[in-house]
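J.: My questions all concern the structure below.
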Amino acid sequence: MLTIRDLRVSVGPLELVHIERLDIAQGRRVGLVGESGSGKSITAMSIAGLQPREARLAGSVRFEDRELVGLSDAAMAKVRGARIGFIPQDPTRALNPTTRVGPQVAEALRLNTDLGGAAIRARVLELFAQVRLPEPEVLYQRYPHQISGGQQQRVLIAMAIAARPQLLIADEPTTALDVTVQNEILRLILDLSRAQRMALLFVSHELGVVRAVCDDIGVIYGGRMVELASAGALAETPRHRYTAALIGANPGLPGGDEIAAMTGRRFAVIEGSVPAAGRFPAGCRFRNRCRHATAACAEDPPITPQGGNGWVKCWHPVGTEAGR
Amino acid sequence: MTALVEVGGLHFRYGSSRRGTGQDWTLADISLALPARGTLGIVGESGSGKSTLIRLMCGLLRPDRGALSFDGRPVTDWLATDRRAFLARNQIVFQNPRRSLDPRMTVARALAEPVRSLESRQPTDAELAASLARVGLQAEVLGRYPHQLSGGQLQRVAIARALSVRPAVLYADEPTSALDVSVQAQVLNLLMDLREDLGLALVMVTHNLAVVARLTEHVIVLHRGRVVEAGPTHRVLGSPENPYTAALVAAAADVSLARAGWDEAEERR
Ligand SMILES: Nc1ncnc2c1ncn2[C@@H]1O[C@H](COP(=O)(O)OP(=O)(O)OP(=O)(O)O)[C@@H](O)[C@H]1O
Ligand SMILES: Nc1ncnc2c1ncn2[C@@H]1O[C@H](COP(=O)(O)OP(=O)(O)O)[C@@H](O)[C@H]1O
Ligand code: SF4
Ligand SMILES: [Mg+2]
Ligand SMILES: [Mg+2]
């Protein structure tokens, strides 16, 4: 349903993102994880046609037999309203502070569906119930600052799914929220995607979060996707050296009795820091921080297919000997 | 045996007469004891009062009720008679070094500032270089401004700065959550090493329970300004007794476990 080939997003001479391939089938949930500045938002926004003004797109994004790269703003806005929903990272900035939340969602319906009048209001209330907002009638009349961050995010989810899109794109939808609220929102997004057979592109810097929601996970570093695998395979048997190092540096909490053994235990480290855009080494972009780098890594690594529809872009993936 | 820091029945609220009632404390009835060289984790959801508590413990805010003492003396007493000595011995590192360090100050100036204000002297270049070396930075960054350093480097500067006045307690408020994931581990290991080498007590606010498990021996769980559970970290996180703690552990431990729970619930339906 969504097929990306060599999508390049650049600003001036600087290429911010180059996604060689990414496919999302109908109803499938795909996660994109990466550190800050890795290009997650640029990728998510470019697919939805919401990239920054100054950005140029090249390559191909095919969605339901239509090429999105090169579409006019007006045509893209139509696709986005009706067929692609977008949930932004920061709910406080995405809502208009001077308008009550109910009418804001009603406006989205007016623009993107054939509904009119009373039907719109009824549908908004239905959506509010669907995203599990308490007392929809009361919430309808509230201004954004009168509801909690979690409730604001629910309103934005209601807005994103209002026209029953085929693809929902969520850019770190829970990063601004509390851990306890976070799980409720993740659960909601997962349930909605299942119930409506809605495909999902879910972006986050936290692997655990993506894993809770997605079937497949792609890892992005320095604007490049380096690995794609099923959620379980990626977390348990990562192949790319960066994926493996990232998981090692950010371990989860073990259960029950094992916790006692954690006291004083050091974290596995990735040396160095993420370079600024434009400062990455040529060839594999992780090369200057990778313990397994060899001379070969100065060349752009090939994409090697793995099990299922997975692949890895590394000269010496985990499990091969060559890289020390 | 007296603890280094002791808190007993502490109450605090911002502003003096919020809503007029005696009920809505930001923090209510907080008691804890931190031994010299001890480690304490403070966890709880956003707004539960974690940052407020450590600001009280470092003397940046004054409690409305209850006892708060450092090294056997009430903190009010310290602040009245030995303010600078108290502040030097209780140092804090904040979440976002880009916000806590002045963008117009070079690293050298930022680093010298606590020694200048708390010890009334200008540290030598050799001291500054040694201070940076301790956190794994080269002397060459002394002339740089914050925007010329990465987040991880800046947080090292903030840590070096806090250590420059030889504190007995280092308070860290989410010290790695503004950093790249691949850099967080470096800073956390650094904190562990420094604590050991310098014999510091460490009080750590974080939402990451894996960090609490590795860095702290004791933990308190705050919920709406009250301590709902306290004890050895492995006991509190390993077999929580309070339902709120249990929810926190379930939510934060590994979200993928939550997924397993959801799927089971789905199948039972
Ligand atoms: N300067 C202030 N004036 C008034 N109220 C404040 C102030 N700072 C914090 N509060 C309130 O006090 C309560 C506790 O805040 P605090 O910053 O201690 O929470 P926290 O546990 O550190 O949360 P977080 O995890 O979001 O950092 C919150 O309700 C907050 O809104
Ligand atoms: N409008 C822009 N102009 C130039 N560079 C940008 C712009 N927006 C983002 N970038 C850069 O592109 C890279 C990817 O950014 P982004 O997609 O926001 O990262 P993420 O969402 O993964 O944190 C970063 O290096 C960022 O500084
Ligand atoms: S290609 Fe080379 S440098 Fe890059 S991750 Fe693989 S081994 Fe490391
Ligand atoms: Mg982003
Ligand atoms: Mg705080």
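The values are calculated or read from the model by the stated rules, or taken from the named source; none is laboratory data. Predicted model, so just to flag it, every value in this text is computed and none were measured. When we count neighbours, we look across all protein chains shown, and the Cβ atoms used for this are built from the backbone with ideal geometry, even at glycine.
J.: So which residues in region A:240-288 are closer than 20 Å to A:R224 by Cα and in contact with a His (Cβ under 6 Å, 6 or more places away or on another chain)?
T.: A:R241
J.: Can you say whether A:I270 is outside any helix (DSSP H, G or I) and either away from ligand 2 (no atom under 16 Å from the Cβ) or modelled with pLDDT of 90 or more (or both), as far as the supplied structure shows?
T.: yes
J.: Answer yes if at least one residue in region A:263-277 is loosely packed, with under 14 Cβ neighbours inside 10 Å and out of contact with any helix residue (DSSP H, G or I) (no Cβ under 8 Å at 6 or more places or on another chain), and no otherwise.
T.: yes
J.: Here are some residues: B:R144, B:R134, B:R109. Which one is free of Cβ contacts under 8 Å to residues at least 40 places away in the same chain and touching a helix residue (DSSP H, G or I) at 6+ places or on another chain (Cβ under 7 Å)?
T.: B:R144 is the lone residue from the list that is free of Cβ contacts under 8 Å to residues at least 40 places away in the same chain and touching a helix residue (DSSP H, G or I) at 6+ places or on another chain (Cβ under 7 Å).
J.: Would you check which residues across region B:164-179 are β-branched (V, I, T), modelled with pLDDT under 95 and closer than 15 Å to B:R195 by Cα and list them?
T.: In the first step, residues of region B:164-179 are kept if they are β-branched (V, I, T); the result is B:165, B:169, B:176.
Subset that is modelled with pLDDT under 95: B:176.
Selection gives nothing.
J.: Go through region A:153-234 and tell me which strands (runs of 3 or more DSSP E), entirely inside it, have 1 or more residues that are more than 14 Å from the chain's Cα centre (by Cα) and of a type outside the set (F, W, Y).
T.: A:224-230
J.: Assess whether A:R211 counts as being within 25 Å of A:V179 (Cβ to Cβ), touching a residue at least 12 places away in the same chain (Cβ under 8 Å) and basic (K, R). Write out each step before concluding.
T.: Values: within 25 Å of A:V179 (Cβ to Cβ): yes; touching a residue at least 12 places away in the same chain (Cβ under 8 Å): yes; basic (K, R): yes.
Yes; evaluated as a whole, the condition is true for this residue.
J.: Take the residues in region A:296-324 that are among the β-branched types (V, I, T) and farther than 17 Å from A:D6 by Cα; name whichever of them is surrounded by the most Cβ atoms within 10 Å (Cβ to Cβ). Spell out the reasoning first.
T.: Let us first name the residues in region A:296-324 that are among the β-branched types (V, I, T), namely A:303-304, A:312, A:318, A:320.
From what is left, the residues that are farther than 17 Å from A:D6 by Cα are A:318, A:320.
Working: A:V318: 16, A:T320: 12.
Checking each candidate, the answer is A:V318.
J.: One residue is enough: does region A:170-182 have a residue meeting the conditions within 14 Å of chain B (Cβ to nearest Cβ), in contact with a Gly (Cβ under 8 Å, 6 or more places away or on another chain) and among the small types (G, A, S)?
T.: yes
J.: Here is a further query. Taking the condition surrounded by 15 or more Cβ atoms within 10 Å (Cβ to Cβ), in contact (Cβ under 8 Å) with a residue 12 or more places away in the chain and touching a Leu at 6+ places or on another chain (Cβ under 7 Å), does A:A293 pass?
T.: Answer is no for this residue.
J.: Only one of these is more than 14 Å from ligand 3 (Cβ to nearest atom), in a loop (DSSP other than H, G, I, E, B), over 15 Å from the mean Cα position of the chain (by Cα) and aliphatic (A, V, I, L, M): A:A277, A:A260. Name it.
T.: Exactly one of A:A277, A:A260 is more than 14 Å from ligand 3 (Cβ to nearest atom), in a loop (DSSP other than H, G, I, E, B), over 15 Å from the mean Cα position of the chain (by Cα) and aliphatic (A, V, I, L, M), namely A:A277.
J.: Taking the condition of a type in the set (S, T, Y), within 24 Å of the chain's Cα centre (by Cα) and either closer than 30 Å to B:L209 by Cα or in the same structural domain as A:A25 (by TED's automatic domain parsing) (or both), does A:T237 pass? I'd like the intermediate steps shown before the answer.
T.: Details: of a type in the set (S, T, Y): yes; within 24 Å of the chain's Cα centre (by Cα): yes; either closer than 30 Å to B:L209 by Cα or in the same structural domain as A:A25 (by TED's automatic domain parsing) (or both): yes.
It is true that A:T237 is of a type in the set (S, T, Y), within 24 Å of the chain's Cα centre (by Cα) and either closer than 30 Å to B:L209 by Cα or in the same structural domain as A:A25 (by TED's automatic domain parsing) (or both).
J.: Out of (1) farther than 20 Å from A:A108 by Cβ; (2) buried (at least 20 other Cβ atoms within 10 Å of the Cβ); (3) within 13 Å of another protein chain (Cβ to nearest Cβ), the odd one out for A:G218 is which?
T.: (3)
J.: Restricting to region A:190-201, name every residue that is touching a residue at least 60 places away in the same chain (Cβ under 8 Å), more than 11 Å from chain B (Cβ to nearest Cβ) and either under 22 Å from A:L133 (Cα atoms) or surrounded by fewer than 20 Cβ atoms within 10 Å (Cβ to Cβ) (or both).
T.: A:L192, A:S193, A:R197, A:M198, A:L200
J.: Can you name every residue in region A:292-309 that is in contact with a Lys or Arg (Cβ under 8 Å, 6 or more places away or on another chain) and either at pLDDT below 95 or of a type in the set (A, V, I, L, M) (or both)?
T.: Scanning region A:292-309 gives A:A293, A:A298, A:I303, A:Q306.
J.: While we're looking at this one, here's another question. Kindly indicate whether B:R156 is more than 9 Å from every other protein chain (Cβ to nearest Cβ), free of Cβ contacts under 8 Å to residues at least 40 places away in the same chain and under 24 Å from A:R289 (Cα atoms).
T.: Yes.
J.: Suppose the filter is of a type in the set (D, E) and in a helix (DSSP H, G or I); does B:D102 pass it?
T.: Against the criterion (of a type in the set (D, E) and in a helix (DSSP H, G or I)), B:D102 does not qualify.
J.: Okay, next question. Looking at region A:1-15 only, could you name the residues that are in contact with a Ser or Thr (Cβ under 6 Å, 6 or more places away or on another chain) and within 15 Å of ligand 2 (Cβ to nearest atom)?
T.: Step one: of region A:1-15, the residues in contact with a Ser or Thr (Cβ under 6 Å, 6 or more places away or on another chain) are A:5, A:9.
A:V9 - this is the single residue of region A:1-15 that is in contact with a Ser or Thr (Cβ under 6 Å, 6 or more places away or on another chain) and within 15 Å of ligand 2 (Cβ to nearest atom).
J.: Please determine, by comparing only the residues of region A:159-183 that are farther than 18 Å from A:V105 by Cα and touching a residue at least 60 places away in the same chain (Cβ under 8 Å), which one is farthest from ligand 5 (Cβ to nearest atom).
T.: A:Q166
J.: Separate question: Taking the condition within 16 Å of ligand 4 (Cβ to nearest atom) and either among the aliphatic types (A, V, I, L, M) or under 17 Å from the mean Cα position of the chain (by Cα) (or both), does B:A178 pass? If you could, list the steps in order and put the result at the bottom.
T.: Numbers: within 16 Å of ligand 4 (Cβ to nearest atom): yes; either among the aliphatic types (A, V, I, L, M) or under 17 Å from the mean Cα position of the chain (by Cα) (or both): yes.
Criteria met by B:A178.
J.: Just one of B:V183, B:V221 is outside any helix (DSSP H, G or I) and either in contact (Cβ under 8 Å) with a residue 40 or more places away in the chain or at the interface with chain A (Cβ under 8 Å from one of its Cβ atoms) (or both); which is it?
T.: Within the list B:V183, B:V221, the selection yields B:V221.
J.: State which residue pairs qualify: first residue among the basic types (K, R) and inside region A:27-55, second residue more than 16 Å from ligand 5 (Cβ to nearest atom) and in a loop (DSSP other than H, G, I, E, B) in any location, beta carbons under 6 Å apart, and separation of 6 or more residues or different chains.
T.: That search, which allows pairs on different chains as well, returns A:R28/A:D215; A:R29/A:C214; A:R29/A:D215; A:K40/A:G34.
J.: Further, regarding this structure: Can you list residue pairs whose Cβ atoms sit under 8 Å apart, with the first residue in region A:237-257 being farther than 20 Å from A:A293 by Cα and within 7 Å of chain B (Cβ to nearest Cβ) and the second being surrounded by fewer than 19 Cβ atoms within 10 Å (Cβ to Cβ) and at pLDDT 90 or above? Count only pairs 6 or more apart in sequence or on different chains.
T.: Partner pairs satisfying both residue conditions: A:P251/A:A268; A:G256/B:S239.
J.: Quick check on region A:101-113. Is at least one of its residues closer than 23 Å to A:L16 by Cα and either surrounded by fewer than 16 Cβ atoms within 10 Å (Cβ to Cβ) or in the same structural domain as A:L156 (by TED's automatic domain parsing) (or both)?
T.: No, there is no match, as no residue in region A:101-113 is closer than 23 Å to A:L16 by Cα and either surrounded by fewer than 16 Cβ atoms within 10 Å (Cβ to Cβ) or in the same structural domain as A:L156 (by TED's automatic domain parsing) (or both).
J.: What number of residues within region B:224-253 satisfy the criterion of being in a helix (DSSP H, G or I) and charged (D, E, K, R)?
T.: 1
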